[in-house]
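What follows draws every value from the coordinates through simple rules; no lab data is involved. Fair warning: this is a prediction, and the values are worked out from it, not measured in the lab. Every residue, glycine among them, receives a Cβ derived from its backbone with ideal geometry; neighbour counts consider all protein chains shown.
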């Protein structure tokens, strides 16, 4: 409830109900009391969580841990949703179990409306370049997009009859998407919100390279995720330019989302809020801290570090997550700089990433 | 394609290479050892241990017959070597000589010392040191990362016998002698600081978690002793970071004994989850499993990444190891018989035209 209060205060435009650090340390104590691994992590640092007062002192759980063990404060069987990271050939996937997704949904909608729906005076039509939720029931991204679709569909009943998702069984419905975009551009009744993954956009651009339309004023596009071998990799600049051309959008209306299965909150490029391209903004209930890779301590603004993510909405798993994503804090937010390279391999001993990727 | 070579000729070649390698090891002077230390990243003692333990010294006729049967004849072979398991050059060269009348050896760029010295010592007109892989009518025998070997097949247009990355797994039963098991595991872990595909990275303990923990305590003590005799090699900052991050993962998954230089994690793995693993160093993940049936399910998840399986009991190893994996006694994982390549997975990568 305390985490939800942060979200509700944000929606109401009210100040945060309590200090971030106060809830963070209480959450960390609660989680360590239920998840022995989190208590061991703190003990190994010589930390007594009962006396910790700053969120930054809470040890962060490496994202890889979610691939190897269950990190949940509640007994097995009580989960209502389980999100999994994208699959590999060994089918080793990170797992994030939720006892209740109400806080997740509230947080996703609240910050999505703030950063992605900013400036909209009417609810847009939605086009999704991702599978429908019934095809990806364990995808946190699919769940979030479905929440957006449900929220926006409430505004105009006819929209629910139109096709929304244009990826199914791993294939993009190129013709149907072309028709839908053409129709929405021609009618120009409402803005359009396009949601999709980077690799889906790349596949679509390759499948229909000459298509272009001019989406109605106020339209915007969200892109998220890396490529993970699912398509050719396209530099972010190039992809943004191509998407702007194809949809007839201004570059600042193409908004990158940064999220991960192990979290309950998302971050957005703040271009619709006035930041420069590439600067991501955070909700008041989550922070991205750049930490130095050796000691995992915060580095000053402007210095590159690894993203340590503190998420008050991660109530039933781990408040702090340590990623391998390189970030730099800048005025107004942070910039994503890609994944930190691993140590150069030596010898023929297999690396865990290779093993999980099933690359042999 | 060349015909298969006569056994006697191959045996002669193999023994010539082994003799040359043994002579190199025996006459190693300080300067040469220092250059190996620099190129391998191992400690001086680690280099000496690799030469003493893992360099092939002999082969029986039966082993050599098997060896020859595992070689695919070719007009020429280019051997592309990987870094760090420096003595691997000896077996790689005899495999190539058994396969073809012309052999080109491209040492690892980072770790060329042993391979260069061996080729020079052999002074065999059939063997040429090269800096680059040049396409010819034969094949490539490559050792190293999967992506590198795939690129070799793509760029040279030659078939590549791919000896890729992998790992070793140990199987321990509750009734095994704990002290002997811990000593044997430590012996296998210390050689090459786990940078070879024969190094055990995970051990499954068929028994209760308390038994696994007792073994872990003994193993940490053995690894500490080994550190005094054979100090670990140097670690790059990125390697140290990855080990520290793996330690955090291990702490979330289970208990970690030992210090940063030699850690043993005891983690129970739930059905459907995967075992964690430390990066190479001197670390082991010890997984208690309730039964051999559970163990087989775990092993299956590694697929062909599994290069060797070791235990104290040959029957147990034979019963549980997948067909392609080398089987060895604990303590001897780094001394595979000279009966073929170290890696028995027999993977050939074909160029795109095929």
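Rounded to the nearest 0.05, what FRET efficiency do residue A:14 and residue B:234 have when you use their Cβ-Cβ distance and R0 = 35 Å? Present the calculation step by step, with values, prior to reporting the outcome.
Numbers: r = 55 Å, r/R0 = 1.58.
Plugging the Cβ-Cβ distance into 1/(1 + (r/R0)^6) gives 0.05.
By counting other Cβ atoms within 10 Å of each Cβ, how are B:143, B:104 ranked from fewest to most?
Working: B:143 28, B:104 23.
Listed from fewest to most nearby Cβ atoms, that is B:104, B:143.
Which angle between 0 and 90 degrees, to the nearest 10, do you get for helix B:146-156 versus the longest principal axis of chain B when only C-alpha atoms count?
It is inclined by approximately 20 degrees.
Within 10 Å of each Cβ in B:192-200, how many Cβ atoms from other chains are there, averaged over the peptide?
Numbers: counts 4, 3, 2, 5, 3, 5, 2, 4, 0.
For peptide B:192-200, the averaged partner shielding equals 3.
Could I have the simple spin-label model distance between residue B:135 and residue B:75, label points 7 Å from Cα toward Cβ, reported in nm to one decimal?
In this crude spin-label approximation the distance works out to 1.3 nm.
What value, in deg cm²/dmol to 500, does the helix sum -39500 (n - 2.57) over DSSP H runs of n ≥ 4 give at 222 nm once divided by the residues of chain B? Please report the intermediate quantities before stating the final value.
Numbers: 12 runs with 148 residues, N = 354.
Mean residue ellipticity, 222 nm, calculated: -13000 deg cm²/dmol.
When Rg is the radius of gyration of the Cα atoms in the protein assembly as shown and Rh is its Kirkwood radius, what does Rg/Rh come to?
Details: Rg = 28.5 Å, Rh = 27.9 Å.
On the Cα set of the protein assembly as shown, Rg over Rh gives 1.02.
Based on a Kirkwood Rh over C-alpha pairs, give the Stokes-Einstein translational diffusion coefficient of segment B:167-329 at 10 °C and viscosity 1.306 mPa s in µm²/s. All intermediate terms of the calculation are to be shown ahead of the outcome.
Working: Rh = 15.5 Å.
Once the numbers are plugged in, D ends up at 102 µm²/s.
At R0 = 25 Å, how high is the FRET efficiency between residue B:293 and residue A:168 if r is their beta carbon distance? Nearest 0.05 is fine. Intermediate results must be reported in sequence, preceding the final value.
Values: r = 39 Å, r/R0 = 1.55.
In this case the efficiency is close to 0.05.
Fewest to most neighbouring Cβ within 10 Å: what's the order for B:114, A:66?
A:66, B:114
Just for the Cα atoms in chain A, what are the lengths along the principal axes, largest first, rounded to whole Å?
So the extents along the principal axes, rounded to whole Å, are 63, 56, 44.
So what is the 222 nm mean residue ellipticity for chain A from helices alone, if each DSSP H run of at least 4 adds -39500 (n - 2.57) and you divide by all residues, rounding to the nearest 500 deg cm²/dmol? Each step should come with its number before you reach the end.
On the way: 10 runs with 109 residues, N = 360.
Calculated mean residue ellipticity at 222 nm is -9000 deg cm²/dmol.
What translational diffusion coefficient, in µm²/s and rounded to a whole number, does the Stokes-Einstein relation yield for segment A:175-303 at 37 °C and a viscosity of 0.692 mPa s, taking the hydrodynamic radius as the Kirkwood radius over Cα pairs? Let's see the in-between values first.
Details: Rh = 16.3 Å.
It comes out at roughly 201 µm²/s.
If segment B:99-204 were replaced by its equivalent ellipsoid, with semi-axes equal to the square roots of 5 times the Cα gyration tensor eigenvalues, what would those be, largest first, whole Å? Walk me through the numbers on the way to the answer.
Working: eigenvalues 254, 61, 26 Å².
The equivalent ellipsoid of segment B:99-204 has semi-axes of 36, 17, 11 Å.
Restricting to segment B:167-329, compute how many DSSP beta bridges are antiparallel as a %, nearest 5.
Working: 5 of 28 bridges.
Counting DSSP beta bridges with both partners in segment B:167-329, the antiparallel share is about 20 percent.
Give the order of B:313, B:61 when sorted by the count of other beta carbons within 10 angstrom, beginning with the fewest. Walk me through the numbers on the way to the answer.
Numbers: B:313 16, B:61 10.
With the fewest neighbours first, B:313, B:61 line up as B:61, B:313.
Calculate, axis by axis, the spread of Cα positions in segment A:1-84 along the three principal axes, and write the results as whole Å, longest axis first.
Here the Cα extents, ordered largest to smallest, are 40, 33, 20 Å.
Could you check what % of the DSSP bridge pairs in chain A are antiparallel, to the nearest 5? Mind dumping the intermediate values first?
On the way: 30 of 47 bridges.
Antiparallel bridges make up about 65 percent of those DSSP assigns within chain A.
Report, as a whole number in µm² per second, the diffusion coefficient that Stokes-Einstein gives for segment B:7-165 at 25 °C and 0.890 mPa s using the Kirkwood radius over alpha carbon pairs. Can you show the working numbers first?
Values: Rh = 15.8 Å.
Taking Rh from Cα pairs, D becomes 155 µm²/s.
Based on the Cβ-Cβ distance from residue A:53 to residue A:294, what FRET efficiency comes out when R0 is 22 Å, to the nearest 0.05? Before the final figure, lay out the partial values.
Values: r = 24 Å, r/R0 = 1.11.
The value I calculate is 0.35.
Which whole number of Å³ per residue matches the convex hull of the alpha-carbon atoms in chain B? Write out the running numbers ahead of the final one.
Details: hull volume 47.6 nm³, N = 354.
Considering the Cα atoms of chain B, their hull volume per residue is 134 Å³.
Place a label point 7 angstrom from the Cα of residue B:214 along the Cα-to-Cβ direction, then list the residues of segment B:263-282 whose backbone nitrogen is under 20 Å away.
Label zone hits: B:264-268.
Measuring from centroid to centroid over Cα atoms, what is the spacing of segment B:71-143 and segment B:30-59 in Å?
Cα centroid to Cα centroid, the span is 19 Å.
How crowded by other chains is B:277-284, given as the mean number of beta carbons from other chains within 10 Å of each beta carbon? Kindly include the intermediate steps, with their values, before the conclusion.
Numbers: counts 7, 1, 7, 8, 1, 0, 0, 0.
Averaged over the peptide's residues, the number is 3.
Sequence gap at least 6, Cα distance under 8 Å: using those rules, report the relative contact order of segment B:7-165 to the nearest whole percent. It would help to have the intermediate numbers written out before the result.
On the way: 248 pairs, mean separation 36.6, N = 159.
Result for segment B:7-165 is 23 percent.
If you take each beta carbon of peptide A:62-72 and count the beta carbons of other chains within 10 angstrom, what is the mean?
6
Please report, largest first and rounded to whole Å, the three semi-axes of the ellipsoid equivalent to segment B:196-240, where each semi-axis is the square root of five times an eigenvalue of the C-alpha gyration tensor.
Values: eigenvalues 122, 44, 21 Å².
So the three semi-axes of segment B:196-240 are 25, 15, 10 Å.
If you wrap segment A:236-290's Cα atoms in a convex hull and average its projection over all directions, what's the area in nm²?
Result: 4.6 nm².
In degrees from 0 to 90, rounded to the nearest 10, what is the angle of the helix A:102-115 Cα long axis to the longest principal axis of chain A?
60
Go ahead and collect, in residue order, the members of segment A:17-57 whose backbone nitrogen is under 13 Å from a label point 7 Å along the Cα-Cβ direction of residue B:268.
A:36-37
Can you report the principal axis dimensions of segment B:270-328 using only the alpha carbons, biggest first, rounded to whole angstrom?
Per principal axis, max minus min of the Cα coordinates gives 27, 27, 21 Å.
Gap in Å between the Cα centre of segment A:230-300 and the Cα centre of segment B:151-223?
Each part reduced to its Cα centre gives a spacing of 41 Å.
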